[in-house]
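Engineer: Quick one: this structure, given as structure tokens, is what I'll be asking you about.
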Amino acid sequence: MIRRHFFLVAAVVAVLLMLVVGGVKLAFGGKAPGQGGPGGGGRATAVSQIVVQPRTFTDRVEVLGVAKGRQSVTITSNTAELITAVHFSDGQAVSKGQVLVELKGDQEDAGIAQAQAQLAQADREYQRWKTLAEKGIAPRASADQYLAARDTARAALASAGAQKLDKVIRAPFSGRVGISDIAPGALISPGTPIVSLDDVSLIRVDFSVPDRYLPILREGLTITAEPDARPGEVFTGRIAQIDTRIDPATRALKARAEFSNSDGRLKPGMLIKVGIDQGQRQAVAVPEAAIQFEGTQASVFLIVKGPKGQIARRTTVQTGLSSDGYVEIVSGLKAGDRIVADGLNRVQDGATVGGGDGKGGQKAGARKKGG
């Protein structure tokens with residue numbers, strides 16, 4: 001009996017508690033105590049605040065280009081022959097004129113020997129007829145004929161030597177060779193790639209810019225490069241040449257930039273984003289975290305004075321450039337305005353806010369964490 005009465009009393013108490021909670025919710029308009037609402041009612045929401053200040057922005061033209069070496073070539077042969085020796089290893093630095101590959105040249109060696117013998121014979125005959133002509137024994141015309149024969153033999157020797165040079169492939173300039181599969185004993189044909197050779201001590205980037213930027217372009221202008229393959233790295237170079245013509249189809253002007261590459265971090269073929277600074281200016285800016293974007297519309301929470309303290313009002317703004325975590329505000333705010341710096345998902349339009357003194361987002365955030 002006692003246990004039955006106990007459960008009955010507990011049930012009555014539970015019903016009374018539910019009625020009390022429902023009444024409280026109705027009294028607060030469906031909001032939990034402490035939650036701010038339109039018009040500034042309820043407990044203030046603690047937020048980080050920041051005072052809008054001017055910042056320096058750099059107007060920049062950014063275009064894309066492809067990196068290439070100062071000089072780049074694919075070494076080939078102009079004759080079909082067997083390779084007898086390879087004098088380089090993959091990735092090796094080579095100097096101008098260094099022998100890279102030797103081809104079989106037995107036939108050329110025989111031709112040189114034959115041409116040398118013919119030249120020696122022609123020279124002896126010329127000397128003999130020259131002596132006879134000087135003594136008046138032989139006519140001068142005969143000596144001249146043997147002189148011509150000697151010159152012909154000398155030209156034949158030079159031709160044989162040139163053919164021998166085709167069997168020795170040398171580096172046309174100093175640089176670094178790439179990866180090659182060529183080995184002694186391989187038969188190559190004219191035009192067959194042997195190895196690539198690049199001079200990458202200096203990297204060139206050709207790019208095009210719209211003709212409306214012609215007034216800011218000049219040779220020697222300092223520019224920057226940001227390779228896609230090296231995020232976060234910025235290289236500084238200069239404009240080396242500007243084309244003499246504007247493309248009538250694209251209305252763009254071609255220019256060439258040069259970047260020092262002594263450490264070899266830039267590679268030919270890299271996609272490069274080239275930046276050309278137009279100048280600096282002052283503009284009001286806010287942290288990126290202080291802006292909400294809905295499609296193409298941007299807004300911030302402007303802190304204004306309400307009936308019972310500070311309230312947050314959603315304010316539409318027009319944004320401009322972005323730099324170092326800050327966004328330029330073209331319109332909608334002015335220097336000295338106080339806004340919510342972060343945690344925008346916890347703020348409602350018209351809600352009462354507090355927790356910042358307007359001296360800067362970093363300080364306000366520190367106080368929030370410490371509180």
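The values are calculated or read from the model by the stated rules, or taken from the named source; none is laboratory data. What you are looking at is a predicted structure, and each value in this text was computed from that prediction instead of being measured. Backbone-built Cβ (ideal geometry, glycine too); neighbour counts: all protein chains shown.
Engineer: GLY175 fails exactly one of the following numbered conditions: (1) loosely packed, with under 13 Cβ neighbours inside 10 Å; (2) at pLDDT 85 or above; (3) under 47 Å from the mean Cα position of the chain (by Cα). What is the number of that condition?
Structural biologist: Result: GLY175 fails condition (1) only.
Engineer: Working carefully through the options ALA138, ALA122, find the one that is part of a helix (DSSP H, G or I), in contact with a helix residue (DSSP H, G or I) (Cβ under 9 Å, 6 or more places away or on another chain) and free of Cβ contacts under 8 Å to residues at least 40 places away in the same chain.
Structural biologist: Working: ALA138 fails: part of a helix (DSSP H, G or I).
Result of the check over ALA138, ALA122: ALA122.
Engineer: Being touching a residue at least 40 places away in the same chain (Cβ under 8 Å), surrounded by fewer than 16 Cβ atoms within 10 Å (Cβ to Cβ) and within 30 Å of GLN71 (Cα to Cα) narrows it down to one of THR244, THR236, THR250, THR224, so name that one.
Structural biologist: THR250
Engineer: For segment 91-103, check the following and say yes or no: at least one residue is of a type in the set (Asp, Glu) and under 30 Å from GLY264 (Cβ atoms).
Structural biologist: yes
Engineer: If you don't mind, another one. Do the conditions hold for VAL330, that is, is it at pLDDT 85 or above and out of contact with any helix residue (DSSP H, G or I) (no Cβ under 9 Å at 6 or more places or on another chain)?
Structural biologist: So VAL330 fits the description; yes.
Engineer: Under the condition of being crowded, with 16+ Cβ neighbours inside 10 Å and over 29 Å from the mean Cα position of the chain (by Cα), which residue from segment 187-216 is modelled with the highest pLDDT?
Structural biologist: Result: ILE194.
Engineer: What about GLU219, is it part of a loop (DSSP other than H, G, I, E, B), loosely packed, with under 15 Cβ neighbours inside 10 Å and not β-branched (Val, Ile, Thr)? Lay out the reasoning, then the answer.
Structural biologist: Details: part of a loop (DSSP other than H, G, I, E, B): yes; loosely packed, with under 15 Cβ neighbours inside 10 Å: yes; not β-branched (Val, Ile, Thr): yes.
Taking the combined requirement at face value, the residue satisfies it.
Every residue, every condition in (1) exposed (fewer than 14 other Cβ atoms within 10 Å of the Cβ); (2) over 30 Å from LYS68 (Cβ atoms); (3) under 31 Å from the mean Cα position of the chain (by Cα); (4) at pLDDT 85 or above, yes or no:
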{"site": "VAL274", "(1), (2), (3), (4)": "no, no, yes, yes"}
{"site": "GLY295", "(1), (2), (3), (4)": "yes, yes, yes, no"}
{"site": "GLY343", "(1), (2), (3), (4)": "no, yes, no, no"}
{"site": "ALA364", "(1), (2), (3), (4)": "no, yes, no, no"}
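Engineer: Quick test for you: out of SER196, SER180, SER208, pick the one residue that is of a type in the set (Gly, Ala, Ser) and in contact with a Leu (Cβ under 7 Å, 6 or more places away or on another chain).
Structural biologist: SER208
Engineer: Ok, one more. Condition first: closer than 20 Å to HIS87 by Cβ and surrounded by 13 or more Cβ atoms within 10 Å (Cβ to Cβ). Now tell me which residues in segment 154-171 satisfy that. It would help to see each step written out before you state the result.
Structural biologist: So the first thing to find is which residues in segment 154-171 are closer than 20 Å to HIS87 by Cβ, and the list is 164-171.
LYS164, ASP166, LYS167, VAL168, ILE169, ARG170, ALA171 - these are the residues of segment 154-171 that are closer than 20 Å to HIS87 by Cβ and surrounded by 13 or more Cβ atoms within 10 Å (Cβ to Cβ).
Engineer: Among the residues of segment 315-329, is any over 21 Å from PRO54 (Cβ atoms) and free of Cβ contacts under 8 Å to residues at least 40 places away in the same chain?
Structural biologist: Scanning segment 315-329 turns up no residue that is over 21 Å from PRO54 (Cβ atoms) and free of Cβ contacts under 8 Å to residues at least 40 places away in the same chain.
Engineer: How about segment 254-310: which strands (runs of 3 or more DSSP E) wholly inside it have at least 1 residues that are hydroxyl-bearing (Ser, Thr, Tyr)?
Structural biologist: 297-306
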